[in-house]
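Report on the structure given below.
The values are calculated or read from the model by the stated rules, or taken from the named source; none is laboratory data. Since the model is a prediction, treat every value here as computed from it, not as a measurement. No Cβ is skipped: glycine too gets one built from the backbone with ideal geometry, and neighbour counts run over all protein chains shown. When the accessible area is computed, the model is the full protein with side chains, heavy atoms only, and any ligands, DNA or RNA have been set aside. Shrake-Rupley method; radii C 1.70, N 1.55, O 1.52, S 1.80 Å.
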Amino acid sequence: GTSIYGLGGQAGALLRNEVVRNCWNSDPAGYGPGTQKVYTSHPFAFIVLPDGQCCGVLADCTDHLQVDTRDNHLTFTSNPHPTKARDKDYATSVQTEARQYPQRPRAFPVILFHAPDPKALVKKLGQACGTMAL
(Lines give C-alpha, C1' and ligand atoms only; values in the text may rest on other atoms or scores of the structure.)
Protein backbone atom coordinates (compact mmCIF):
# COMPACT_ATOMS: atom_id res chain seq x y z
CA GLY A 1 0.00 0.00 0.00
CA THR A 2 0.87 3.66 0.21
CA SER A 3 3.36 4.69 2.91
CA ILE A 4 3.57 8.13 4.52
CA TYR A 5 6.77 9.40 6.17
CA GLY A 6 8.06 12.78 7.35
CA LEU A 7 6.19 15.41 9.40
CA GLY A 8 9.16 16.39 11.56
CA GLY A 9 11.10 14.95 14.44
CA GLN A 10 8.84 12.62 16.43
CA ALA A 11 9.50 9.56 18.57
CA GLY A 12 8.24 6.20 17.41
CA ALA A 13 7.99 4.52 14.04
CA LEU A 14 9.04 6.32 10.88
CA LEU A 15 5.83 5.24 9.14
CA ARG A 16 3.18 7.93 9.69
CA ASN A 17 0.12 6.14 8.30
CA GLU A 18 -3.03 6.23 10.44
CA VAL A 19 -1.89 8.94 12.87
CA VAL A 20 -2.91 12.41 13.96
CA ARG A 21 0.13 14.59 14.71
CA ASN A 22 0.64 18.19 15.69
CA CYS A 23 3.21 20.30 13.88
CA TRP A 24 4.19 22.75 16.57
CA ASN A 25 7.66 23.24 18.01
CA SER A 26 8.11 22.36 21.65
CA ASP A 27 10.85 20.93 23.79
CA PRO A 28 9.41 17.95 25.66
CA ALA A 29 10.82 16.97 29.05
CA GLY A 30 11.22 13.31 28.09
CA TYR A 31 11.67 11.13 25.04
CA GLY A 32 9.86 7.91 24.33
CA PRO A 33 7.23 6.24 22.15
CA GLY A 34 4.51 8.60 23.44
CA THR A 35 6.50 11.75 22.63
CA GLN A 36 4.79 13.31 19.61
CA LYS A 37 7.44 15.85 18.79
CA VAL A 38 11.11 16.40 19.39
CA TYR A 39 11.42 20.16 19.04
CA THR A 40 11.18 20.45 15.25
CA SER A 41 8.09 20.38 13.10
CA HIS A 42 8.17 20.07 9.34
CA PRO A 43 4.83 20.15 7.54
CA PHE A 44 6.11 17.91 4.74
CA ALA A 45 4.64 14.48 4.01
CA PHE A 46 6.85 12.09 2.05
CA ILE A 47 4.56 9.59 0.34
CA VAL A 48 5.73 6.38 -1.34
CA LEU A 49 3.13 4.87 -3.66
CA PRO A 50 2.76 1.08 -4.15
CA ASP A 51 4.60 1.24 -7.49
CA GLY A 52 7.61 3.03 -5.91
CA GLN A 53 6.80 6.48 -7.28
CA CYS A 54 6.79 9.28 -4.73
CA CYS A 55 4.77 12.36 -3.90
CA GLY A 56 5.57 15.14 -1.50
CA VAL A 57 3.06 17.46 0.12
CA LEU A 58 4.36 20.64 1.75
CA ALA A 59 1.99 22.83 3.77
CA ASP A 60 3.30 26.37 3.33
CA CYS A 61 2.09 27.57 6.72
CA THR A 62 3.71 28.71 9.96
CA ASP A 63 0.53 28.33 12.04
CA HIS A 64 -0.12 25.50 14.46
CA LEU A 65 -0.96 22.58 12.19
CA GLN A 66 -2.63 19.29 12.85
CA VAL A 67 -1.85 16.52 10.36
CA ASP A 68 -4.25 13.60 10.00
CA THR A 69 -3.24 10.57 7.90
CA ARG A 70 -6.10 8.26 8.86
CA ASP A 71 -8.24 6.41 6.32
CA ASN A 72 -5.75 6.86 3.44
CA HIS A 73 -6.21 10.65 3.50
CA LEU A 74 -3.79 13.45 4.28
CA THR A 75 -5.30 16.50 5.94
CA PHE A 76 -3.52 19.60 7.26
CA THR A 77 -5.62 21.83 9.54
CA SER A 78 -4.33 25.23 10.67
CA ASN A 79 -4.98 26.42 14.23
CA PRO A 80 -6.96 23.35 15.32
CA HIS A 81 -9.36 23.88 18.20
CA PRO A 82 -7.39 23.23 21.43
CA THR A 83 -9.94 20.82 22.89
CA LYS A 84 -9.56 18.63 19.81
CA ALA A 85 -5.78 18.45 20.13
CA ARG A 86 -4.63 14.97 21.16
CA ASP A 87 -1.42 16.14 22.82
CA LYS A 88 -1.98 17.65 26.28
CA ASP A 89 1.14 19.90 26.17
CA TYR A 90 0.19 21.09 22.69
CA ALA A 91 -3.39 21.79 23.78
CA THR A 92 -2.14 23.81 26.77
CA SER A 93 0.27 25.73 24.52
CA VAL A 94 -2.50 26.49 22.02
CA GLN A 95 -4.94 27.56 24.75
CA THR A 96 -2.36 29.89 26.30
CA GLU A 97 -1.43 31.43 22.97
CA ALA A 98 -5.08 31.63 21.84
CA ARG A 99 -5.84 33.88 24.79
CA GLN A 100 -2.96 36.16 23.78
CA TYR A 101 -3.29 35.93 19.99
CA PRO A 102 -6.75 34.71 18.93
CA GLN A 103 -6.51 32.89 15.61
CA ARG A 104 -8.94 31.01 13.45
CA PRO A 105 -8.26 28.28 10.93
CA ARG A 106 -7.22 29.80 7.63
CA ALA A 107 -6.41 28.72 4.11
CA PHE A 108 -2.77 28.30 3.10
CA PRO A 109 -0.88 27.13 0.02
CA VAL A 110 0.00 23.48 -0.42
CA ILE A 111 2.92 22.61 -2.69
CA LEU A 112 2.85 19.22 -4.41
CA PHE A 113 5.85 17.31 -5.72
CA HIS A 114 6.01 14.15 -7.82
CA ALA A 115 9.07 12.02 -8.55
CA PRO A 116 9.84 8.55 -9.89
CA ASP A 117 11.64 7.48 -6.67
CA PRO A 118 12.58 8.68 -3.15
CA LYS A 119 16.00 10.06 -4.15
CA ALA A 120 14.43 12.21 -6.89
CA LEU A 121 11.78 13.49 -4.46
CA VAL A 122 14.43 14.60 -1.95
CA LYS A 123 16.26 16.37 -4.77
CA LYS A 124 13.09 18.21 -5.84
CA LEU A 125 12.36 19.28 -2.26
CA GLY A 126 15.94 20.58 -1.94
CA GLN A 127 15.61 22.53 -5.16
CA ALA A 128 12.38 24.11 -3.95
CA CYS A 129 13.45 24.91 -0.36
CA GLY A 130 17.21 25.18 -0.64
CA THR A 131 20.03 23.08 0.71
CA MET A 132 23.06 23.56 2.92
CA ALA A 133 26.59 22.87 1.77
CA LEU A 134 28.13 19.94 3.64
List C55, C23, C129, ordered by accessible area with a 1.4 Å probe, largest first: C129, C55, C23
Chain lengthening between L15 and L112 when straightened (0.36 nm per residue, less Cα-Cα): 33.0 nm
Two-site label geometry, H73 and A120: point separation in nm, points 7 Å out along Cα→Cβ: 3.0
³J(HN,Hα), Karplus 6.51/-1.76/1.60, whole Hz, each residue of segment 53-61, x for Gly, Pro: 5, 10, 10, x, 10, 10, 8, 8, 8
